Amino acid sequence: MDKNELYKKKLGDKLVLKTAANEEDIRRIADCDTEVFGKDECVDELCIKLFTKHPKTNIDDLIYIEDEKTGQVVSTLCLIPWKWKYEDVIIDVGELGIVGTRKPYRRKGLIRAQVDYFKEKLNQREFDISKIQGIPYFYRQFDYEYTIPLEGGYDIELHQIPGLKEDEDPKYNIRREKRSDLPVLEGLYNQAACKLQIYACRDGDIWNYLYENSDNNHIGFDSWVVEDSESNIVGYFRVKRRGFTQGLIVYEVSKLNYDMSLDVLRYLKNLAEERNKPNIRLNLPDDSTLVKIANYHGGRDVGHYAWQIHIPNMTRFIRKISPVLEKRIAQSPFAGLTEDVLMNLYIETIAIIFDNGKIVKVESRGPSDGPMRIPPRAATMMVLGYCCREELEPNWPDIWMPPRYQYITDIFFPRMRSHIYTIY
């Protein structure tokens with residue numbers, strides 16, 4: 001795990017920006033996390049597991065600032081690589097994670113210095129987007145915008161869940177997950193996720209990591225499988241051990257039918273009672289059958305927080321998703337389009353060059369003009385399908401385009417169904 005060379009940049013006043021080189025560095029950084037977040041949050045444990053056991057992380061993506069006067073780590077953040085599916089395209093995602101600074105060192109620009117280096121990494125490795133599940137407002141200064149649904153969802157009270165009749169038995173068996181179940185669960189995950197237009201990719205290594213590291217850290221979870229009468233696994237669901245509500249939090253579920261959903265809700269009700277939880281929170285996609293059935297029985301929408309997203313290079317991102325844009329045009333009244341579609345972001349114009357319906361080139365033309373005018377942060381929300389043009393326009397007067405380009409924009413960037421299940 002040791003590296004021969006460290007990244008090192010002097011910041012003044014004996015403060016030095018570095019990247020982790022070995023397990024000792026990881027543990028020093030974890031100690032800083034404990035002071036910043038508190039022992040109860042177990043962020044130190046998360047940091048250690050992420051950078052010693054996770055199959056996708058790199059140790060030199062753990063960034064920190066050291067005070068050479070004391071030898072103490074005083075501020076830290078990290079880059080966690082993901083892969084997401086954007087319809088038919090795989091995009092590379094660099095999460096900005098575990099960001100914190102010891103109190104005596106705050107308001108000295110230390111996070112900014114680390115984010116600047118973090119963004120260098122994003123561009124060097126051509127990440128398509130970056131995300132963070134961060135505190136409100138703070139990350140706007142680093143060009144992050146709320147863009148993908150995160151915490152929140154739907155609450156159902158325990159008394160609203162119908163019980164079994166006296167002569168009725170559950171139609172499905174529910175038991176705890178075992179390692180041997182993982183290949184089946186991976187298939188069920190893919191079956192459910194493909195109904196979304198943006199979702200996280202998980203390979204076998206990630207499934208193994210989740211199984212082996214689901215114990216008591218701040219994102220620990222318990223997992224159950226649903227079996228039919230012949231002991232075939234037909235579904236699964238996961239419950240967080242802690243979160244941003246007092247209720248029992250269901251944060252992942254496979255595709256379920258009506259009867260499976262009712263049996264799962266009844267099981268969750270019993271679990272909530274055992275754990276002294278007042279209700280059940282379904283932090284799940286809106287079109288999940290479990291959500292729909294809960295709502296039919298009186299569940300309510302409590303709203304969502306959101307992932308904050310930064311697109312390091314919009315031209316590169318548009319180029320990456322160009323097969324999706326090309327497909328959308330082919331299925332529209334603009335099939336066979338031959339035109340340079342100019343997407344004017346004010347600070348630059350991106351030319352999407354069509355020839356007989358095919359995108360032959362995507363290029364930046366600098367701060368030139370173009371009819372499809374969209375401010376950069378509004379463009380982030382639009383290209384990831386969080387909001388469509390019509391939803392954004394009332395609050396963004398600088399979204400402006402003639403009718404023809406309104407139509408093209410609506411074809412390019414419709415609202416998209418997205419939900420991000422974790423990889424750690």
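What to note about this one:
- Of the residues making up segment 366-394, those that are of a type outside the set (Ser, Thr, Tyr) and over 25 Å from the mean Cα position of the chain (by Cα) are 366, 367, 369, 370, 371, 372, 373, 393, 394.
- Condition check for residue 118: surrounded by 16 or more Cβ atoms within 10 Å (Cβ to Cβ), hydrophobic (A, V, I, L, M, F, W, C) and in a loop (DSSP other than H, G, I, E, B): no
- Of all the listed residues (238, 281), the sole one being outside the structural domain of residue 34 (by TED's automatic domain parsing), farther than 28 Å from residue 387 by Cα, of a type in the set (D, E, K, R) and buried (at least 20 other Cβ atoms within 10 Å of the Cβ) is 238.
- Of the strands (runs of 3 or more DSSP E) that lie entirely inside segment 288-360, those containing 1 or more residues that are closer than 30 Å to residue 260 by Cα span 300-310.
- Taking segment 372-424 as the range and being touching a helix residue (DSSP H, G or I) at 6+ places or on another chain (Cβ under 9 Å), in contact (Cβ under 8 Å) with a residue 60 or more places away in the chain and β-branched (Val, Ile, Thr) as the test, the residues that pass are 380, 383, 408, 411, 422, 423.
- For residue 57, the stated conditions do not hold, so it cannot be described as more than 19 Å from the chain's Cα centre (by Cα) and β-branched (Val, Ile, Thr).
- Scanning segment 316-347 for residues that are polar (S, T, N, Q) and under 22 Å from residue 375 (Cα atoms) yields 322, 344.
- Entry remark, segment 376-394: residues being surrounded by 17 or more Cβ atoms within 10 Å (Cβ to Cβ) and part of a loop (DSSP other than H, G, I, E, B) number 4 in total.
- Hey, residue 141 surrounded by fewer than 19 Cβ atoms within 10 Å (Cβ to Cβ) and either out of contact with any strand residue (DSSP E or B) (no Cβ under 7 Å at 6 or more places or on another chain) or acidic (Asp, Glu) (or both) or not: yes
- Those residues of segment 35-47 which are surrounded by fewer than 18 Cβ atoms within 10 Å (Cβ to Cβ) and either of a type in the set (A, V, I, L, M, F, W, C) or without any contact (Cβ under 8 Å) to a residue 60 or more places away in the chain (or both), in sequence order: 37, 38, 39, 40
- Verdict on residue 343 being surrounded by 16 or more Cβ atoms within 10 Å (Cβ to Cβ) and in contact with a strand residue (DSSP E or B) (Cβ under 6 Å, 6 or more places away or on another chain): yes
- Being surrounded by 22 or more Cβ atoms within 10 Å (Cβ to Cβ), modelled with pLDDT of 95 or more and assigned to a loop (DSSP other than H, G, I, E, B) is a description that applies to residue 127.
The values are calculated or read from the model by the stated rules, or taken from the named source; none is laboratory data. As the structure is a prediction and not an experimental result, all values here were calculated from the model. Backbone-built Cβ (ideal geometry, glycine too); neighbour counts: all protein chains shown.
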